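Remarks on the structure that follows.
We did not get these values from a lab; they are worked out from the coordinates using the rules stated. Being a predicted model, the structure only gives us computed values, none of them experimental. When we count neighbours, we look across all protein chains shown, and the Cβ atoms used for this are built from the backbone with ideal geometry, even at glycine.
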Amino acid sequence: MFISLEELELHRVVVSETYASGALDYRGAGFKQLGPMKVSASAELRGQEIHIQGHIGGRLGAECDRCLTNVEIPVERDFDLYYRQLQTIARQEEVEVPAGELNVGFFSDAGIVLEDVVSEQVILSVPMKVVCRTDCQGLCPVCKADLNRVQCGCRDRPPGAESPFSSLLEH
Ligand SMILES: [Zn+2]
Ligand SMILES: [Zn+2]
């Protein structure tokens, strides 16, 4: 959905959208959308800037960074953003966002694409490290066993004895 500057000059734009899995482009991020992603937002002009605020709700699925099991990540994110038109900034002028204005983005056409705003916010809502639980033990680097479920004993074995069965063969 395109929210145009032209329309915003006339009135505030209030939107409510539901995006099915696959409808939003997460630019190769390492998660999948599970079920619909719901967005409610309102946009208005504030001087030269587009102010958009709203809420995104949905669910994502990703793999635990340590043990690779599937993890469900709930998304409940409020956003409050300003977009500045790129043409209003002189070419040579360095684009510097003052501290405290970190929520300022830029738009180059005659408005903003809601889907771009939403997919960016969803990406930002995902933690840097996805873990199934804070004390996840991960996979054994030697035998790939899930250390949350088994004690493979590789860590206690001296280097060189790679197979968990090599000690049995000696007897
Ligand atoms: Zn895990
Ligand atoms: Zn192991």
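For the reader, a short list of remarks on this structure follows.
- Residues whose placed amide H lies under 5 Å from that of Val75, excluding near-sequence neighbours: Gly58, Arg59, Leu60
- Evaluating 6.51 cos²θ - 1.76 cosθ + 1.60 at θ = phi - 60° for every residue in the stretch 133-141, the Karplus couplings come out as 7, 4, 9, 4, 7, x, 9, 5, x Hz, glycine and proline recorded as x.
- Interchain or long-range residues, amide H under 5 Å from Gly105's placed H: Tyr82, Tyr83, Arg84
- Segments 106-116, 142-152 sorted - mean Cβ within 10 Å per residue, highest first: 106-116, 142-152
- At an R0 of 22 angstrom, the distance between the Cβ atoms of Ala29 and His55 translates into a FRET efficiency of 0.60.
- Estimated inter-spin distance, Ser42 and Leu5, nm [label 7 Å along Cα→Cβ]: 2.4 nm
- Around the amide H of Asp65, modelled in the peptide plane, lie the amide H atoms of Val130, Val131, Cys132, all under 5 Å away and 5 or more residues distant in sequence or on another chain.
- A crude spin-label estimate for the pair Arg12 and Arg133, with each label 7 Å from Cα along the Cβ direction, gives 4.5 nm.
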